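Accompanying notes for the structure given below.
Taken together, the values in this text are just the output of simple stated rules run on the coordinates, not laboratory data. Here the structure is a predicted model, which means the values were calculated and not measured. Virtual Cβ from ideal backbone geometry, glycine too; neighbours counted across all protein chains shown.
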Amino acid sequence: MRMLRWMCGHTRSDRIRNEVIREKVGVASVVDKLREARLRWFGHVKRRGADAPVRRCEGLVVEGTRRGRGRPKKYWGEVIRQDLAQLHITEDMTLDRKEWRSRIKVEGAPSSTIPSLMKLEKMDENFPSRRDWRRGIIVHYSSKLGF
């Protein structure tokens, strides 16, 4: 979030919510992107044949071990079921790859595309100090992003 705030020219003291910053820059939240990645892997696993090693490990239950104290950890299957319920999709939809990908896709650029969005130029003689260079970059790219 620090880099997104920097791109918009805001600081934490401006008291602007993270959702507003993400919406301005066009970046999805990390939670949504993680859910997308989990469900993408789930679809990949479900489309594999029943004899594939990953499918055999899917229903693996370890016997004879005790869980530690405290709240039980969530199993991967439980998290997937919650993700499916949240997006109102079912397991059998995984068979059609294009349809599955379109349903789990999260709008917004992933965090890894931010550097390519910025394409920071090297500091040159137009900017006498790094501070002036950063200000120039913010003004230049914020006008391109519509801020």
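Observations on the model:
- Complete set of residues in the stretch 3-56 that are among the small types (Gly, Ala, Ser) and within 23 Å of residue 105 (Cβ to Cβ): 26, 28, 29, 37, 43
- Scanning the stretch 11-32 for residues that are basic (Lys, Arg) and in contact with a Lys or Arg (Cβ under 9 Å, 6 or more places away or on another chain) gives a single hit, 12.
- Counted residues, the stretch 1-30 - those being part of a helix (DSSP H, G or I) and touching a residue at least 24 places away in the same chain (Cβ under 8 Å): 9
Residues are listed down the side, and each one gets a yes or a no for (1) out of contact with any helix residue (DSSP H, G or I) (no Cβ under 9 Å at 6 or more places or on another chain); (2) within 20 Å of residue 34 (Cβ to Cβ); (3) outside any loop (DSSP other than H, G, I, E, B):
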{"site": "46", "(1), (2), (3)": "no, yes, yes"}
{"site": "55", "(1), (2), (3)": "no, no, yes"}
{"site": "60", "(1), (2), (3)": "yes, no, no"}
{"site": "68", "(1), (2), (3)": "yes, no, no"}
{"site": "71", "(1), (2), (3)": "yes, no, no"}
{"site": "77", "(1), (2), (3)": "no, yes, yes"}
{"site": "80", "(1), (2), (3)": "no, yes, yes"}
{"site": "89", "(1), (2), (3)": "no, yes, no"}
{"site": "94", "(1), (2), (3)": "no, yes, yes"}
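- Candidates in the stretch 31-75 are the residues that are among the aromatic types (Phe, Trp, Tyr) and free of Cβ contacts under 8 Å to residues at least 12 places away in the same chain; of these, the one that is surrounded by the fewest Cβ atoms within 10 Å (Cβ to Cβ) is 75.
- Residues in the stretch 4-20 that are surrounded by 13 or more Cβ atoms within 10 Å (Cβ to Cβ) and within 15 Å of the chain's Cα centre (by Cα): 1 in all.
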